[in-house]
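Undergrad: Please read through the structure below; I'll follow up with questions.
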Amino acid sequence: MFLGFDSSTQSFSAIVLAVDQNKIIAEASVNFGNDFPHYAAPSGFILGGASGEVHADPMMWLEALDLVLGKLSAQIDLSKITMLAGSGQQHGSVYVNETFDSIIANLNPATSLKTQLSSSLTRSTSPIWMDTSTGVECVEIANAIGGDAEVCARSGSIAIERFTGSQIRKFFKQAPAAYAATDHVHLVSSFIASVLAGKSLPIDFGDGAGMNLLNLKNLTWDQDLMNATAPELSDKLLPAASCLKPQVTISSYFVGKYGFAETCQVCPFTGDNPASLVGMGATTPGQVVISLGTSDTFFAAMTEPKTDPQGFGHVFGNPAGGFMSLICFRNGSLAREAMRDELGVDWSAFDQNALSASKSSTGKNLTLPFYGAEITPRHDFEKPVTEFSEDPTDALRIRSLLEGQFLNMRLHSQWMGIAPQRILLTGGASKNNGIAQIVADVFQAPVERLEVANSAALGAALIAATAAGNDLVKLQAIFCQPSPDSRIEPDTHLAANYASALDQFKRLLESQI
Ligand code: XUL
């Protein structure tokens, strides 16, 4: 059996595959807002950060790891798991002191991870991908390297606020003593993997590419980028490695507490988007995935690291080899939830409304779908900007918000030069038919959804199974099938409407930024 974890923005989940039975035999998850009210982080992050700061408490992720394993061990015998892997929300960083390695090597199963590890941080909270507070540091890094084009040529992305490099630099500038006391800078992914392994594990190439520190030509940390970021950074980063290379057996804490076998191996964890590429069965070029999560992402496998001339898109590592392109939109579920709450409807009514609004005026009602700062395009919006040609009913407002989200995605993915023949849709909101229909209509391509909604945790479990010697392509043919009734065809009568809507959307956007 193979176990995959996903530590995402709003929840922590796990999937166990029984490969000999071709099925998922256990699943468990924790929703930070609902299950852990004591962190006062209803969406998984700390509210009220100044100047675009968005942080989360790493102890919350460890408490979730304990709780999810408690739930899984009540369902199945965890001693049957031979290999585990995982994924984490990308870019977020965890700063640990010199006690971390000895604490994780000697964890006591009689008490919790959180109790034992809370003293091992040099920075009590972790900046996460939603943070937009490091604009100054991005300029400093780019200037030191010779401009954004050079940063992008080396690392696959221009210097980006949410990427780990600028966050590390800001920490070094604001708290130099705490930075100096930092033994390792981990990503969310490598932090959790290390706790499971009882030893600090490397950062995976796929996730490491989201740091503005990994040189994509040789997949090692780039000395110039490290120098531009913070002093002695090379001492604080473990070497980058592939998530398919198991590192060590699981720590005795998990053997004693949850019944894992001592021989169970741990792979380096990757990022949620690379894991999702695996879980969607999209690791070979030719397919596009849209993931509707806290952030919405648009991604595809690619052979060569092609970069976005406008600087919004990124190149990450593909766990199966090669690369993936990715564009991230910050106003994903958070914007859909904000409108749902504003109108006082539930998800089912939201979806019905999206379907019922008249399509006849498509392109004449526009919404820039941003309830707060956006990263694609980069701008501090405060609320959606609308241009309605008729009375905006609730149904029309919902439809227009969703159209705005996918027009923005279509506009900013043009650089990839992909005309999708099929879109694979995943993430919490993907099961809603109204939303899926609008994706199909805006992109004029059929949409399919897989049986398993949590593609990142599934992808992680598939990575574990592959690392143990199974064939990924064969596994994907079994576990990554579209669910039979999930295909939604585009309404081809709307092709011209959406082509002109795209121009109108671009005009409205340019008038605002
Ligand atoms: C990708 C990104 C987000 C996070 C959280 O660049 O910032 O998708 O990985 O899901």
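The values are calculated or read from the model by the stated rules, or taken from the named source; none is laboratory data. No experiment lies behind these values; they were computed from the predicted model shown. With ideal geometry, Cβ positions are generated from the backbone for all residues, glycine too; neighbour counts draw on all protein chains shown.
Undergrad: Quick one: is Ile46 at pLDDT 95 or above and either more than 25 Å from Thr122 (Cα to Cα) or not assigned by TED's automatic domain parsing to the domain that holds Thr111 (or both)?
TA: On the way: at pLDDT 95 or above: yes; either more than 25 Å from Thr122 (Cα to Cα) or not assigned by TED's automatic domain parsing to the domain that holds Thr111 (or both): no.
Against the criterion (at pLDDT 95 or above and either more than 25 Å from Thr122 (Cα to Cα) or not assigned by TED's automatic domain parsing to the domain that holds Thr111 (or both)), Ile46 does not qualify.
Undergrad: Are any residues in the range 418-465 aliphatic (A, V, I, L, M) and assigned to a loop (DSSP other than H, G, I, E, B), and if so, which ones? Even if it seems obvious, please write down each step before you answer.
TA: Residues of the range 418-465 aliphatic (A, V, I, L, M): 418-419, 423-425, 429, 435-436, 438-440, 442, 445, 447, 450, 452-453, 456-458, 460-465.
Hits for the range 418-465 are Ile418, Ala419, Ala445, Val452, Ala453.
Undergrad: Are any of the residues in the range 201-224 more than 16 Å from the ligand (Cβ to nearest atom), at pLDDT 95 or above and under 27 Å from Gly44 (Cβ atoms)?
TA: There is at least one residue in the range 201-224 that is more than 16 Å from the ligand (Cβ to nearest atom), at pLDDT 95 or above and under 27 Å from Gly44 (Cβ atoms).
Undergrad: Considering only the range 307-351, state which residues are closer than 23 Å to Gln10 by Cα, within 16 Å of the ligand (Cβ to nearest atom) and in contact with a Lys or Arg (Cβ under 9 Å, 6 or more places away or on another chain).
TA: The answer is Cys328, Arg330.
Undergrad: Has the range 127-148 got any residue that is farther than 20 Å from Gly49 by Cβ, at pLDDT 95 or above and of a type in the set (Ser, Thr, Tyr)?
TA: No, because not a single residue in the range 127-148 is farther than 20 Å from Gly49 by Cβ, at pLDDT 95 or above and of a type in the set (Ser, Thr, Tyr).
Undergrad: From the list Ala209, Ala178, which one is closer than 24 Å to Gly321 by Cβ and either assigned to a loop (DSSP other than H, G, I, E, B) or among the aliphatic types (A, V, I, L, M) (or both)?
TA: Values: Ala178 fails: closer than 24 Å to Gly321 by Cβ.
Unique residue meeting the criteria: Ala209.
Undergrad: I'd like the full set of residues that are surrounded by fewer than 24 Cβ atoms within 10 Å (Cβ to Cβ), of a type in the set (Val, Ile, Thr) and over 20 Å from the mean Cα position of the chain (by Cα), limited to the range 443-477.
TA: Val473
Undergrad: Then there's this: Please enumerate the residues belonging to the range 226-248 that are surrounded by fewer than 18 Cβ atoms within 10 Å (Cβ to Cβ), in contact (Cβ under 8 Å) with a residue 40 or more places away in the chain and outside any loop (DSSP other than H, G, I, E, B).
TA: Asn227, Val248
Undergrad: Six or more apart or on different chains, Cβ atoms under 7 Å: show the pairs whose first residue is in the range 176-189 and in the same structural domain as Ala209 (by TED's automatic domain parsing) and of a type in the set (Lys, Arg) and whose second is modelled with pLDDT of 95 or more and part of a helix (DSSP H, G or I).
TA: Pairs found: none.
Undergrad: To continue, here is another question. Among the residues of the range 478-497, which ones are crowded, with 16+ Cβ neighbours inside 10 Å and in contact with a Pro (Cβ under 9 Å, 6 or more places away or on another chain)?
TA: Residues satisfying the conditions are Ile488, Pro490.
Undergrad: Among the numbered criteria (1) within 30 Å of Gly313 (Cβ to Cβ); (2) over 19 Å from the mean Cα position of the chain (by Cα), which one does His186 miss?
TA: The failed condition is (2).
Undergrad: Go through the range 290-306 and give me each residue that's near the ligand (Cβ under 10 Å from one of its atoms) and without any contact (Cβ under 8 Å) to a residue 60 or more places away in the chain.
TA: Scanning the range 290-306 gives Thr297, Phe299.
Undergrad: Also: Does the range 396-407 contain at least one residue that is within 16 Å of the ligand (Cβ to nearest atom), crowded, with 19+ Cβ neighbours inside 10 Å and touching a residue at least 24 places away in the same chain (Cβ under 8 Å)?
TA: Filtering the range 396-407 for residues within 16 Å of the ligand (Cβ to nearest atom) gives 405.
Checking which are crowded, with 19+ Cβ neighbours inside 10 Å leaves us with 405.
Then drop every residue that is not touching a residue at least 24 places away in the same chain (Cβ under 8 Å), which leaves 405.
Yes, the conditions are met somewhere in the range 396-407.
Undergrad: Give me a count of the residues in the range 475-513 that are β-branched (Val, Ile, Thr), assigned by TED's automatic domain parsing to the domain that holds Lys359 and more than 19 Å from Gln421 (Cα to Cα). Reasoning before the result, please.
TA: So the first thing to find is which residues in the range 475-513 are β-branched (Val, Ile, Thr), and the list is 478, 488, 492, 513.
With the extra rule that they be assigned by TED's automatic domain parsing to the domain that holds Lys359, the set shrinks to 488, 492, 513.
Remaining after also requiring more than 19 Å from Gln421 (Cα to Cα): 513.
Number satisfying all stated conditions: 1.
Undergrad: With respect to the numbered conditions (1) out of contact with any Ser or Thr (no Cβ under 8 Å at 6 or more places or on another chain); (2) more than 16 Å from the ligand (Cβ to nearest atom), which one is the sole condition not fulfilled by Pro392?
TA: (1)
Results for (1) more than 20 Å from Asp380 (Cα to Cα); (2) of a type outside the set (A, V, I, L, M); (3) in the same structural domain as Ser333 (by TED's automatic domain parsing), shown as yes or no for each residue.
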{"residue": "Val139", "(1), (2), (3)": "no, no, no"}
{"residue": "Asn143", "(1), (2), (3)": "yes, yes, no"}
{"residue": "Glu150", "(1), (2), (3)": "yes, yes, no"}
{"residue": "Ser155", "(1), (2), (3)": "yes, yes, no"}
{"residue": "Glu161", "(1), (2), (3)": "no, yes, no"}
{"residue": "Ser166", "(1), (2), (3)": "no, yes, no"}
{"residue": "Gln174", "(1), (2), (3)": "yes, yes, no"}
